Amino acid sequence: MVTVLVNGACGRMGQAVLKAVQEDSELKLVGAVDIKGGEDTGKLVGLPENGILVESNLTEALQRLNPDVMIDFTRPDVVFDNVMTALRNKVSPVVGTTGLSDGQKEEIRAAAEKLGTPAFIAPNFAIGAVLLMVLSRQAAKYMPDVEIIELHHDRKLDAPSGTAVQTAAMIAEVRKAHKQGHPEEKEKLAGARGAEYEGMHIHSVRLPGYVAHQEVIFGGLGQTLTIRHDSMNRESFMPGVVLAAKKVRSLCGLTIGLDKLLEF
Ligand code: NAD
């Protein structure tokens, strides 16, 4: 049985995780933290009351409850401190919160190795999104001109999405960096061509109604190929989150990406 504390428990993802953990026979919910604190973690997600209340002090909760794993779905501006707090208390972080910089990930990697406490980060826990990234890396070997369009709900704080950046990074592993579009192209409105990652362009759409969606469009001679993934609701992320919570303690240092836990 893996014991779990959920951080960001009152949020959209946090609540889905609270439910998934309580419904899994190999995970045991021992605590929950959110700056909104106070509620019963069963009642909050439509399950019977369990007496485990959402607390507001992460350090105090980690030290008192000593869980195996902390699952974090909070905010880009607080996730780094949360992860370092978990590692210092020998609790393995499973991180879904996006927005960590490369430098912060390297600091987390160093701390996880030094403290002998494995950590796991996934920019996207949906299996379909992982397949989209893996298939995009394969396709880019043969069709290296590519643009990424990611579409999310308008409450999302960071842009581009962690999934879009991870997709670009995986494509960059097999693609020689080159600038796309006309060499003399000029933006008549700033940002019209989107963000740039090694010459690839990434476009972020934010609208009510969306959950999390991404298209990767490859262009070749007389043809295009589009690979698209849609998360219809937050349940789509839960099998990946549960898998990572069960496996993280058997890993070493920092592991990034759900693809590392799956066999292809
Ligand atoms: P949300 O705003 O609904 O929830 C965030 C919660 O964190 C809120 O309840 C808030 O009170 C709480 N919070 C804020 N600061 C805190 C702190 N210092 N300590 C504890 N709790 C704190 O957001 P959301 O839609 O649930 O998304 C959360 C994060 O997860 C975002 O970064 C989002 O991009 C990411 N996300 C990742 C995946 C994935 O598969 N990796 C999927 C969906 C969303």
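Taking Lys and Arg as +1 and Asp and Glu as -1, the other residues whose beta-carbon sits under 12 Å from that of G96 total +2.
The share of accessible area on the chain that comes from carbon and sulfur is 53 percent, using a 1.4 angstrom probe. Entry comment: accessible area of the range 219-264 is 59 Å² per residue, from protein heavy atoms only and a probe of 1.4 Å. The DSSP beta bridges internal to the chain are antiparallel in roughly 45% of cases. Legend: residues D259, D154, sorted from most to least accessible area (1.4 Å probe; ligands, DNA and RNA excluded), read D154, D259. Axis angle, to the nearest 10 degrees, between helix 162-172 and the longest C-alpha principal axis of the chain: 50 degrees. Volume of the convex hull of the range 64-126 (Cα atoms only), normalised per residue: 82 Å³. About its Cα centre, the chain has a charge dipole of approximately 240 debye under the convention of +1 per Lys or Arg Cβ and -1 per Asp or Glu Cβ, with nothing else charged. Taking Cα centre as origin and charging only the Cβ of basic (Lys, Arg, +1) and acidic (Asp, Glu, -1) residues, the dipole magnitude of the range 112-206 rounds to 80 debye.
In this view, the solvent-accessible surface of H203, computed with a 1.4 Å probe and all protein chains in place, comes to about 40 Å².
Size descriptor for the chain, Kirkwood hydrodynamic radius: 19.4 Å (Cα pairs only, one decimal). For G253, the residues 5 or more places off, or on other chains, whose built amide H falls under 5 Å of its own are A119.
For the range 1-79, the square roots a ≥ b ≥ c of the C-alpha gyration tensor eigenvalues yield an a/c under 1.5, which makes the shape rounded. Evaluating 6.51 cos²θ - 1.76 cosθ + 1.60 at θ = phi - 60° for every residue in the range 127-140, the Karplus couplings come out as 4, x, 6, 5, 4, 4, 5, 5, 5, 5, 4, 5, 5, 5 Hz, glycine and proline recorded as x.
Largest to smallest in accessible area, the residues K19, K105 fall in the order K19, K105 (1.4 Å probe, all protein chains included).
Counting Lys and Arg as +1 and Asp and Glu as -1, what is the net charge of the other residues whose Cβ lies under 13 Å from the Cβ of L47?
Here the count lands on -3.
For the range 217-264 versus the range 141-170, the inter-centroid distance based on Cα atoms is 13 Å. So what's the net charge close to H201: Lys and Arg +1, Asp and Glu -1, counting the other residues with Cβ under 9 Å from its Cβ? Every neighbour counted, the sum reads -1.
The values are calculated or read from the model by the stated rules, or taken from the named source; none is laboratory data. Note that the structure is predicted; figures quoted are calculated from it, not measured. Cβ atoms come from the backbone with ideal geometry, glycine included; neighbour counts cover every protein chain shown. Surface areas here come from the heavy atoms of the whole protein model, side chains and all, with no ligands, DNA or RNA. Shrake-Rupley method; radii C 1.70, N 1.55, O 1.52, S 1.80 Å.
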